[in-house]
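S.K.: Here it is: the structure, laid out below.
Since every read-out is calculated from the coordinates, none of them should be taken as a lab result. Note that the structure is predicted; figures quoted are calculated from it, not measured. A quick note on method: Cβ atoms are made from the backbone with ideal geometry, for glycine too, and the neighbour counts reach across all protein chains shown.
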Amino acid sequence: MNSGKVLVGGAGGFIGGHLVADLVRKGHQDIRAVDLKPLHEWYQLSPGVENLQLDLRDLAACEQATRGALTVYNLAADMGGMGFIENNRALCMLSVLINTHLLMAARKFEAKRFFFASSACVYAAEKQVSPEVVALKESDAYPAMPEDGYGWEKLFSERMCRHFREDFGLATRVARYHNVYGPDGTYDGGREKAPAAVCRKVIQAKLAGTDEIEIWGDGNQTRSFMYIDDCLNGTKAILASDILEPINLGSNELVTINQLVDLVEEIAGSKLKRTYNLKAPKGVNGRNSDNALIQSYLGWQPSTRLRDGLEKTYRWIYDQMKKRTPKEN
Ligand code: NAD
């Protein structure tokens, strides 16, 4: 996979930016990076890469992006944490245009491999009602009742990938990411996810000299969080593999949101008074990744402990916030 043009859609975002940087570090010399955002808003810009600002909902833009690419990674989506996806269902579903048009363009220009970033939000709601979770295995996506909006788009696009493979011979690969976190991603503005949001809130309290933190939900929701390096290794391994069906890519180190806050407080050396906002978006009560399949196919398992990944994430967010004025924080 080290030769030929690689397209990374969503390269201005968190995972896309890290993927491009990783490919450059590994010696790829022909990378096209595309995002809707202007370049100055991209989290990372890597040297020697062709960076383009394009709206991948548009078929002509997808054709411009995909022309000549042997490998296509689709990491572009209009998305965010629960606060965003619960309040922007139509926008989330419109990402269907991105994947559909990228598939059509990849077929037209005869790409050899196509990767789609799906999500644990495809899993049926009835399997996630209790914090005492049974880890989700791939077959739990059906009968379908995914997260409204965002999850339906991901499930539909997974199937579109499957049918482009079956009917048109495009080699599609799909990973179901479970909560990815790390530096160089969104930590404020409404699209941030729990690990970055908790880091930001703890840092805000520290910088402002206050001692309170608001937590969304009752804090007993359970989740697992995968560090970005593990996500990248798994993504590339899935792309190169013969795994035809969507497969989990996540950590199985389960924590409650309260435990996540404990860890961040420990890193920060803070102890805050917690208030619980039961009206805020909080997602399902419990969710974990069953990694039996990916372990048996690829021997993959996450190597970064939550505490270690959070430490790096916290430090990066702290540095960003220190550069801003108190008002901006
Ligand atoms: P992100 O929001 O940081 O990156 C997505 C990028 O896509 C953004 O930079 C955005 O500007 C770009 N984009 C949106 N609409 C576009 C368009 N029309 N044309 C071109 N670019 C467009 O998100 P991320 O965390 O890097 O997620 C990457 C992918 O992984 C997404 O498909 C997401 O749904 C999926 N995913 C992420 C997580 C996670 O925890 N981060 C979990 C499950 C799935």
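S.K.: Tally Lys and Arg at +1 and Asp and Glu at -1 over the other residues with C-beta under 12 Å from the C-beta of PHE168: what net charge comes out? Mind dumping the intermediate values first?
M.R.: On the way: positive: ARG107, LYS108, ARG162, ARG165; negative: GLU110, GLU166, ASP167.
Summing Lys/Arg as +1 and Asp/Glu as -1 gives +1.
S.K.: Also, quick follow-up: Summing -39500 (n - 2.57) over the DSSP H runs of n ≥ 4 in the chain and dividing by its residue number, what mean residue ellipticity at 222 nm do you reach, to the nearest 500 deg cm²/dmol?
M.R.: Working: 11 runs with 126 residues, N = 329.
Dividing the helical sum by the residues of the chain leaves -11500 deg cm²/dmol.
S.K.: Further question on the same structure: If the cut-off is 15 Å between C-alpha atoms, which aspartates and glutamates fall inside it for LYS193, apart from same-chain ones fewer than 8 positions away?
M.R.: ASP78, GLU86, ASP184, GLU214
S.K.: Still on this structure: For the stretch 89-142 and the stretch 209-272, write down the distance between their C-alpha centroids in whole Å.
M.R.: One Cα centre to the other: 19 Å.
S.K.: Within the chain, which whole H helices from DSSP have a Cα span along their axis of at least 15 Å and a mean Kyte-Doolittle hydropathy of 0.0 or more, if any? List each step's numbers first, then the result.
M.R.: On the way: long enough: 14-25 (17 Å, 1.09); 96-108 (18 Å, 0.75); 150-168 (26 Å, -1.13); 194-208 (21 Å, 0.72); 228-240 (18 Å, 0.55); 257-268 (16 Å, 0.78); 306-322 (23 Å, -1.26).
Length and hydropathy pass: 14-25, 96-108, 194-208, 228-240, 257-268.
S.K.: Name the lysines eligible as straight-distance cross-link partners of LYS322: C-alpha to C-alpha under 18 Å, and not fewer than 8 places from it in the same chain.
M.R.: Here the lysines satisfying the reach criterion relative to LYS322 are LYS201, LYS206, LYS312.
S.K.: Just add up the charged neighbours of ASP319: K/R +1, D/E -1, any other residue whose Cβ is under 12 Å from the Cβ of ASP319.
M.R.: Details: positive: LYS312, ARG315, LYS322, LYS323, ARG324; negative: ASP184.
Charge balance in the 12 Å sphere: +4.
S.K.: Just check the chain against the gyration tensor rule for me: Cα atoms, a ≥ b ≥ c as the square roots of the eigenvalues, rounded for a/c under 1.5, and otherwise prolate or oblate depending on whether a/b exceeds b/c.
M.R.: Working: a/c = 1.78, a/b = 1.38, b/c = 1.29.
Verdict is prolate for the chain.
S.K.: Gain in length, ARG25 to GLU63, computed as 0.36 nm per residue apart minus the alpha-carbon separation, to one decimal in nm?
M.R.: 11.0 nm
S.K.: Now for a separate question. Scan the chain and hand back the longest stretch that contains none of the trypsin sites (Lys or Arg not before Pro) lying in DSSP loops with at most 16 other Cβ atoms within 10 Å. Before the final figure, lay out each step's value.
M.R.: Numbers: sites that count: LYS26, ARG67, LYS112, LYS137, LYS271, LYS279, ARG305, LYS323, ARG324, LYS327.
Longest run free of exposed loop sites: 138-270.
S.K.: Put a dot 7 Å past each Cα toward the Cβ at LEU207 and SER296; how far apart are the dots in nm?
M.R.: That separation, rounded to one decimal, is 4.8 nm.
S.K.: Excluding same-chain residues fewer than 8 positions from LYS112, which lysines have a Cα within less than 23 Å of its Cα?
M.R.: Straight-distance partners of LYS112: LYS5, LYS26, LYS154, LYS236.
S.K.: How much of the DSSP beta bridge set in the chain is antiparallel, as a percent to the nearest 5?
M.R.: Numbers: 3 of 38 bridges.
Here the antiparallel bridges make up roughly 10 percent for the chain.
S.K.: Classify the stretch 78-169: rounded, prolate or oblate, from the alpha-carbon gyration tensor (a ≥ b ≥ c, eigenvalue square roots; a/c under 1.5 rounded; otherwise prolate if a/b is larger than b/c)?
M.R.: Oblate, because a/c is 1.5 or more while a/b does not exceed b/c.
S.K.: What FRET efficiency, computed as 1/(1 + (r/R0)^6) with R0 = 25 Å and r the Cβ-Cβ distance, is obtained for LYS323 and TYR276, rounded to the nearest 0.05?
M.R.: On the way: r = 31 Å, r/R0 = 1.24.
It comes out at approximately 0.20.
S.K.: Continuing with the same structure: Under the classification rounded if a/c is under 1.5, otherwise prolate if a/b is larger than b/c and oblate if not, where does the stretch 132-254 fall, given a ≥ b ≥ c as square roots of the Cα gyration tensor eigenvalues?
M.R.: Working: a/c = 2.44, a/b = 2.01, b/c = 1.22.
It comes out prolate by the Cα gyration axes.
S.K.: Please report the spacing between the Cα centers of the stretch 307-321 and the stretch 161-186 in Å, no decimals.
M.R.: The stretch 307-321 and the stretch 161-186 have Cα centres spaced 27 Å from each other.
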